[in-house]
Amino acid sequence: MKSFEIERKYLIRALPENLDAYPYHEIEQGYLCTDPVVRIRRQDEDYYLTYKSKGLMIREEYNLPLSAEAYAHLKTKIDGRLISKRRYLVPFAPYTIELDIFSSPEEGLMLAEVEFSSKEAALAFQAPDWFGEEVTNSSRYHNSTLSKT
């Protein structure tokens, strides 16, 4: 399925209160290619192949479902390191903050992403106090880059 991803990304200064009260997903992902981005992902018990176009705040994205067997086969072919993280879904009306806490390759790294329906909404967003530096325009914090470091 084709879609456009409009998001802003931030380093996290402090964790939100009551983090354990929020739902989360266990995510594992690897990259078959980083230019263009072709990624495989296991999110809990679901599996996907994703293509992402170039860009920083706005990128085209295609997601295709995979079987567990196809994921396992493609996992042996990744270029770089496998990323493992827990993604908390933190409500921040009218948005949902996706708070990623990495266990690999950079254990303890904490990043938050917020997705928007328009560029205007993204530019008008006011981050909560517990967010740190915005890194939307830094490719260093793309997961595809983290898989290489």
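Run through the stretch 44-92 and list the trypsin sites (Lys or Arg not before Pro) located in a DSSP loop whose Cβ has at most 11 other Cβ atoms within 10 Å.
Passing sites in the stretch 44-92 are LYS54, LYS77.
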- What residue among ASN63, LEU32, PHE102 has its Cα farthest toward the positive end of the dipole of the stretch 1-144, where the charges are +1 on Lys, Arg and -1 on Asp, Glu, each on the Cβ? LEU32
- Just the accessible area per residue of the chain, please: how many Å² with a 1.4 Å probe? 54
- Can you tell which of TYR51, TYR95, TYR31 shows the greatest fluctuation in a Gaussian network model of the chain with Cα springs below 10 Å? TYR95
- Query: Summing -39500 (n - 2.57) over the DSSP H runs of n ≥ 4 in the chain and dividing by its residue number, what mean residue ellipticity at 222 nm do you reach, to the nearest 500 deg cm²/dmol?
  - Reply: -2500 deg cm²/dmol
- Query: Going by average Cβ neighbours within 10 Å, how do the peptides 18-30, 102-114 rank, with the highest at the top?
  - Reply: 102-114, 18-30
- Item | Label assignment, percent of Cα pairs over 23 Å apart derived from the structure, set (1) 30; (2) 35; (3) 46 | (2)
- For the stretch 100-149, report the translational diffusion coefficient in µm²/s to the nearest whole number, using Stokes-Einstein at 10 °C, 1.306 mPa s, and a Kirkwood Rh over Cα pairs. 127
- Item | With 10 Å bins from 0: P(r) over the stretch 63-135, alpha-carbon pairs, percent | 15, 35, 31, 17, 1
- Total charge dipole magnitude, the chain, about the Cα centre, Cβ charges on Lys, Arg, Asp, Glu only, Debye to nearest 20: 560
- Message: Ignoring ligands, DNA and RNA, please state the percent of accessible area on the chain from carbon and sulfur, probe 1.4 Å.
- Response: 52
- Task: Add +1 for every Lys or Arg and -1 for every Asp or Glu among the other residues with Cβ under 10 Å from the Cβ of ARG42, and state the total.
- Result: -3
- Message: How big is the dipole moment of the stretch 71-112 about its Cα centre under a simple scheme where the beta carbon of each Lys and Arg is +1, that of each Asp and Glu is -1, and everything else is neutral? Debye, nearest 20, please.
- Response: 200
- Message: Which entries of LYS119/LYS148; LYS9/LYS85; LYS9/LYS54; LYS52/LYS75; LYS77/LYS119 have Cα-Cα distances beyond 25 Å here?
- Response: LYS119/LYS148; LYS77/LYS119
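The values are calculated or read from the model by the stated rules, or taken from the named source; none is laboratory data. The shown structure was predicted, so the numbers you read here are calculated from the model rather than taken from an experiment. Glycine also receives a Cβ, built like all others from the backbone with ideal geometry; neighbour counts cover every protein chain displayed. The area values use the complete protein model at the heavy-atom level, side chains included, leaving out ligands, DNA and RNA. Shrake-Rupley method; radii C 1.70, N 1.55, O 1.52, S 1.80 Å.
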